[in-house]
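The values are calculated or read from the model by the stated rules, or taken from the named source; none is laboratory data. Given the structure is predicted, the values throughout are model-derived calculations rather than measurements. So basically every Cβ, Gly included, is an ideal-geometry build from the backbone, and we count neighbours across all protein chains shown.
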């Protein structure tokens, strides 16, 4: 078995991008990607520090994403869980706290590194940085850091770690870790990326509803169980007058 290191993880992340039809300079449409990979993904608030969970069975892939986290961290968690589901050998189940880069848990560390490379490819980063900031002795500006994290949809912490890994940050960069939302607003960006959604109603990407309906139609679950499963994702199949506004075209 090959001992996986950071370089191998970068190669695998770039291959995964190509396999999914995503260029090495492009941002990721997470909903489209999860649908194309047929990953049933459930977004809902979770107690505790868990950012998410991944489950792989013989016939399906599932992930759970904690909507109590910021949008940027949710994106990073998706990348983290994709490592478990599609890259890690012999994977079956893992509760995760993505973004810790904890080397004490090798596969969790690998998942974080993979997510970093997947979401923030070096070619894409370099294209977004002004040439004058890449010149010898120059530094990446806060304005560029904010532009990068907004472009790739990641947190300030994730972007700083990635830039440091590439070697684009010099010395102590702790000054970039404070007043994150304020600095984004001052540069004309919405702070939404750094916040958890105000509305945290559970929602699903994938064929959760179709699977539940199939089980009900095949008499595998009761009607009340089917209704309960749908209600768990915020859908009331018994909503009154649901078709009153329908019009044929």
Scan (1) at pLDDT 75 or above; (2) surrounded by 11 or more Cβ atoms within 10 Å (Cβ to Cβ); (3) not in a loop (DSSP other than H, G, I, E, B) for the single condition residue 201 breaks and write down its number. (3)
Hey, any hits in the stretch 95-112 for a residue that's in contact (Cβ under 8 Å) with a residue 40 or more places away in the chain and touching a strand residue (DSSP E or B) at 6+ places or on another chain (Cβ under 6 Å)? yes
Look at the stretch 73-95 and say how many of its residues are in contact with a helix residue (DSSP H, G or I) (Cβ under 6 Å, 6 or more places away or on another chain) and part of a strand (DSSP E or B). 1
Does residue 117 count as without any contact (Cβ under 8 Å) to a residue 24 or more places away in the chain, assigned to a helix (DSSP H, G or I) and surrounded by 14 or more Cβ atoms within 10 Å (Cβ to Cβ)? no
Filtering the stretch 1-32 down to residues that are in contact (Cβ under 8 Å) with a residue 24 or more places away in the chain, under 22 Å from residue 61 (Cβ atoms) and crowded, with 17+ Cβ neighbours inside 10 Å yields 4, 9, 12, 13, 14, 16, 17, 28, 30
When the residues of the stretch 127-146 are narrowed to those that are part of a helix (DSSP H, G or I) and free of Cβ contacts under 8 Å to residues at least 40 places away in the same chain, which ends up surrounded by the most Cβ atoms within 10 Å (Cβ to Cβ)? 145
